[in-house]
Amino acid sequence: MTHEIVTIGKSDVQTTPLGLGTNAVGGYNLFPNLKDADGLNLVKTGLDNGIQLLDTAFVYGLGHSEELVGQAMHDFDRHSFALATKGAQDFSTGEQVINNDPDFLTQQVDASLKRLKTDYLDIYYIHFPDKQTPKAEAVGALQRLREQGKIRAIGISNFSLDQIKDANADGYVDVVEDEFSLLHRDYEADLMPYLKDHQISFVPYLPLASGLLTGKYADAVSFPADDIRSQISDFQQPRYSQALRALAAVKPIATAHQATLAQTILAWYLQNPLVSVVIPGAKHADQVAANAQALAITLTSAEYQTIDTAFAAFKTTTSGKSLADPD
C-alpha cells in the first residue's frame with residue numbers, strides 16, 4: 001500500500017505519514033554511548049527509505065542533534081522532505097527554564113536555522129508550555145516568523161487541551177505533538193477529536209512505548225536506576241504484564257503479514273484516522289529501514305479492530321506521561 005501524502009494542518013507542508021524521531025541522533029544528554037557517525041547514518045537511511053519527515057529538537061543534545069540532522073540532510077534535495085524542530089528550553093540562567101516569550105521563541109528559531117544550515121523550517125513546535133506566557137501570544141510570534149518565510153507550519157507540543165484551545169485562538173496552530181500509543185490512549189476521548197474538528201494534525205511520540213510494543217521484552221525485566229525505562233510506569237506491574245498480553249493478540253496478525261510486531265503496530269497508527277504522522281525513533285539504521293517497511297502493510301478492518309480491542313483497557317488506565325515534563 002502506498003499511503004496518501006499527509007498535509008500538516010492548514011499549511012502547505014506535505015509528508016509521508018511515517019517520519020523519523022531523532023532524539024538518539026546527537027542526543028548525548030538522553031542516551032549513553034551515542035556516536036555521531038551512527039546518527040548521520042540513521043538520518044540518511046530514513047531519507048533513502050522514503051521517510052519524508054525528520055523530527056528533531058534543540059534539547060536533543062542541546063543543539064547537537066540539529067547540527068547532525070543538518071549535516072546529514074545536506075546530501076538530499078531540501079524540498080524532498082519536511083523538517084521539524086522544537087524549542088522552549090532557556091538556559092540563560094545556567095538552569096533549564098521553559099520559556100514561551102515571543103522574543104525568546106524568535107531567537108530560538110533563528111538559532112535552529114543556523115544549526116540546521118537551512119533557511120526555513122517546515123514545522124516549528126513550542127516544545128513545552130511555560131506557566132506565564134499567554135499561549136496565543138507565543139503562537140503569534142511563530143505566525144510572524146511564518147509570514148517572514150522562516151517557518152511553514154506552526155506546532156505545539158505537550159500542551160493540555162485547554163492550552164491548545166488558548167494557543168489556537170486565532171486559528172494559527174497546524175499541528176500538535178504529544179505522547180500517544182496503544183498503551184497511552186486517554187487523548188482519544190477529547191484531545192484528538194478536538195484537533196480533527198479544527199483541522200490540526202496530530203503527531204504522536206513514543207509510539208512504540210520505549211520499545212515495549214516491539215515485542216523485544218520477555219516476562220521478567222528490570223533496568224538499572226540510570227536507565228530512563230526504570231522510571232516509566234509501562235514497565236511496572238500490572239501495566240507491564242497487561243501490555244505483553246495485549247501484544248500477544250498482535251502476533252498472529254504480524255505473522256500473516258510476514259511483518260514484525262513493531263511494523264504491525266506502526267501500520268495500526270498509519271491507518272488510525274486521528275493520527276497524522278507517526279515518528280518512531282531509532283538507535284540503528286537497520287531499525288529505520290525496518291520501520292519504513294510499515295508503509296507497505298495494509299491491515300484489514302478486522303485486523304485493525306483486533307489490535308484496537310486488545311489494547312482497549314489502556315483507554316481508561318491513565319498513568320500520566322512516560323516522561324515527566326520539565327518545569
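Computed from the coordinates by the stated procedures, all read-outs in this text should not be read as laboratory data. Since the model is a prediction, treat every value here as computed from it, not as a measurement. Ideal geometry is used to build each Cβ from the backbone, glycine not excepted, and the neighbour counts take in all protein chains shown.
When only alpha carbons are used to place a centre, segment 266-307 and segment 81-111 end up 31 Å from one another. A DSSP coil position with no more than 14 other Cβ atoms inside 10 Å describes the following GluC sites (Glu not before Pro) in segment 1-92: Glu4.
Between Val277, Val288, Val221, the residue with the greatest mean-square fluctuation in the GNM of the chain (Cα pairs under 10 Å linked by springs) is Val221. Which of rounded, prolate, oblate describes segment 1-120, given a ≥ b ≥ c as roots of the alpha-carbon gyration tensor eigenvalues and a/c under 1.5 marking rounded, otherwise prolate only if a/b is larger than b/c? Taking the square roots of the gyration eigenvalues as a ≥ b ≥ c, segment 1-120 is oblate. Between Lys114, Lys135, Lys86, the GNM of the chain built on Cα springs shorter than 10 angstrom shows Lys114 fluctuating the most.
Per the helix-only calculation at 222 nm, which mean residue ellipticity applies to the chain, given -39500 (n - 2.57) for every DSSP H run of n ≥ 4 and division by its residues, nearest 500 deg cm²/dmol?
It comes out at -9500 deg cm²/dmol, rounded to the nearest 500.
Cα centroid distance between segment 137-166 and segment 213-234, in Å? That distance is 35 Å.
Approximating the spin labels as points 7 Å out from Cα along Cα→Cβ, the Ser222-to-Ser80 distance works out to 4.9 nm. Listed by chain and number, the lysines whose C-alpha is less than 18 Å from the C-alpha of Lys114, apart from same-chain residues fewer than 8 away, are Lys86, Lys150. Among 148-158, 290-300, 93-103, sorting by the average number of other beta carbon atoms lying within 10 angstrom of each residue, highest first, gives 148-158, 290-300, 93-103. Largest GNM mean-square fluctuation among Lys216, Lys283, Lys196, using the chain with Cα springs under 10 Å: Lys216. For Tyr205, the residues whose amide H sits under 5 Å from its own are Asp178, Glu179, Phe180, ignoring neighbours fewer than 5 places away on the same chain, with H placed 1.01 Å from N. Just one of [x] 0.95; [y] 1.15; [z] 1.05 is Cα Rg over 2.2 N^0.38 Å calculated from these coordinates, so which is it? The calculated read-out lines up with [x]. Expressed to the nearest 5 percent, the antiparallel share of DSSP beta bridges inside the chain is 15 percent. What does the net charge come to around Pro204 if you take all other residues with beta carbon closer than 10 Å to its beta carbon, with K and R at +1 and D and E at -1? Its environment carries a net charge of -3.
When you filter the GluC sites (Glu not before Pro) in segment 160-257 for DSSP loop state and at most 10 other Cβ atoms inside 10 Å of their Cβ, nothing is left. Looking at segment 1-76, the chymotrypsin sites (Phe, Trp or Tyr not before Pro) that sit in a DSSP loop and have at most 15 other Cβ atoms within 10 Å of their own Cβ are Phe76.
Which whole-number percent gives the relative contact order of segment 163-250, counting Cα pairs below 8 Å spaced six or more residues apart? That works out to 26 percent. Backbone amide hydrogens, once placed in the peptide plane, bring Gly9 within less than 5 Å of Ser201, excluding anything fewer than 5 places away on its chain.
Listed by chain and number, the lysines placed with their C-alpha closer than 22 angstrom to that of Lys315 are Lys196, Lys251; residues fewer than eight positions away on the same chain are left out.
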